[in-house]
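Reading through the structure tokens given below for one structure.
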Amino acid sequence: MTGSQDHHPLNNLLRQLELYSKLPEFDRQLVLDLPHRVRRLDAGSYLVREGDKPTQCMILANGYAFRQKVTGDGSRQILSVCIPGDAVDLQNMFLDVSDHSVQLLTQSRVADVPREAMQELVLTRPAIGTAIIQLTLVEASILREWVVNVGRRDARERIAHILCEFAVRLESRGLADGDGFELPMTQEQLADATGLTSVHVNRVLKGLEADGLISRKRRHIHYSNWRALQDAGDFSRRYLHVSEQDTLAQTY
């Protein structure tokens, strides 16, 4: 895909769909032709609030977001991170009330696709429908892994694991820079994703750096020893369901 399509706001969604299911050219064009409205929003903006009745499916054309739940006493648990190309509310295509909130981590461009248009595409084009189902199943797989991460891994493993996940997901979509990436989360947000305090997160990151597993420059994470970082995080890419050839070389 070249030319103006490279900058199409739904192009990253198309790339994501084709990670799991190669689409015929006609179906690829149908995805790009979905009616949509593009918005530019600041970090911290809410895309979805718990209890909303959705009318749109929102696609991250660029930027990052996170899913979250807030307890009755105001404590926040970050459930997953959305990267460019993610549809932040696919489950709301057929559910009438949102059961969690989605908030932007960074300034972003968001494409709003009418829910009815997405429903029609999924129900009438089997290849697209299959790819969408696969995406939702992978989202569920990621959520299961995050439950294990918070519930059964120690602090060092939790942080190393989430860094490995970022690296593989971004690499699979051509968004990493070879041996590192820009981490869009603050230490407070990492804490809310891993059930730690921001002080503990800072201590773990310094430890990973001292051990030569990563190096940091502002928010850029360079993985100095990819194999050791995976071992430190008890990380296997199996739950992400991306092929080996599309991800980081095993020799890092």
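Things to note:
- Near pairs, Cβ below 6 angstrom, 6+ apart or cross-chain, from region 22-51 (in contact (Cβ under 8 Å) with a residue 60 or more places away in the chain and more than 24 Å from Ile78 (Cα to Cα)) to any residue that is part of a loop (DSSP other than H, G, I, E, B) and open to solvent by 30 Å² or more (accessible area, probe 1.4 Å): Asp27/Arg125
- Cβ-Cβ under 6 Å pairs, at least 6 apart or on other chains, region 181-203 side free of Cβ contacts under 8 Å to residues at least 40 places away in the same chain, far side surrounded by fewer than 20 Cβ atoms within 10 Å (Cβ to Cβ) and assigned to a loop (DSSP other than H, G, I, E, B): Glu182/Arg219; Leu183/Arg219; Ala191/Thr197
- Among residues of region 129-143 that are without any contact (Cβ under 8 Å) to a residue 60 or more places away in the chain, those with a Cβ under 7 angstrom from a residue that is hydrophobic (A, V, I, L, M, F, W, C), sequence gap 6+ or separate chain, pair up as Gly129/Val122; Gly129/Leu123; Thr136/Leu90.
- Number of residues in region 96-117 that are under 12 Å from the mean Cα position of the chain (by Cα) and under 27 Å from Gly129 (Cβ atoms): the value is 1.
- Residues of region 64-95 that turn out to be under 10 Å from the mean Cα position of the chain (by Cα) and not in a strand (DSSP E or B), as a count: 6
- Any hit, region 139-161, residues being among the polar types (S, T, N, Q), within 22 Å of Tyr64 (Cα to Cα) and in contact with a Phe, Trp or Tyr (Cβ under 7 Å, 6 or more places away or on another chain): yes
- Selection within region 135-177: residues that are open to solvent by 50 Å² or more (accessible area, probe 1.4 Å) and of a type in the set (Lys, Arg). The member of this set that is farthest from Glu188 (Cα to Cα) is Arg144.
- Residue within region 30-37 that is closer than 15 Å to Asp112 by Cα and among the acidic types (Asp, Glu) present: yes
- Residue, surrounded by the most Cβ atoms within 10 Å (Cβ to Cβ), within region 43-63, restricted to residues that are of a type in the set (S, T, N, Q) and in a strand (DSSP E or B): Gln56
- Single match in Ala65, Ala61, Ala43 (criterion: in contact with a Lys or Arg (Cβ under 6 Å, 6 or more places away or on another chain) and small (Gly, Ala, Ser)): Ala61
- Of the residues contained in region 33-42, none is found to be open to solvent by 10 Å² or more (accessible area, probe 1.4 Å) and under 16 Å from the mean Cα position of the chain (by Cα).
- Residue within region 179-192 that is open to solvent by 20 Å² or more (accessible area, probe 1.4 Å) and under 19 Å from Ser236 (Cα atoms) present: yes
- Residue pairs meeting the criteria (Cβ under 6 Å; at least 6 apart or on separate chains; first open to solvent by 30 Å² or more (accessible area, probe 1.4 Å), in region 102-122; second charged (D, E, K, R)): Gln107/Asp42; Arg109/Arg40
- A search for C-beta distances below 7 Å between a residue of region 153-173 that is on the phi < 0 side of the Ramachandran plot and any residue that is in a loop (DSSP other than H, G, I, E, B) and among the basic types (Lys, Arg), counting only pairs 6+ apart in sequence or on different chains, returns His161/Arg153.
- Residue in region 8-24 that is closer than 25 Å to Thr130 by Cα, of a type in the set (Gly, Ala, Ser), crowded, with 21+ Cβ neighbours inside 10 Å and within 19 Å of the chain's Cα centre (by Cα) present: no
The values are calculated or read from the model by the stated rules, or taken from the named source; none is laboratory data. Note that this is a predicted model, so its numbers are computed, not measured. Positions of Cβ are backbone-derived with ideal geometry, glycine not excepted, and every protein chain shown enters the neighbour counts. What goes into the accessible areas is simple: the full protein's heavy atoms, side chains included, and nothing from ligands, DNA or RNA. Shrake-Rupley method; radii C 1.70, N 1.55, O 1.52, S 1.80 Å.
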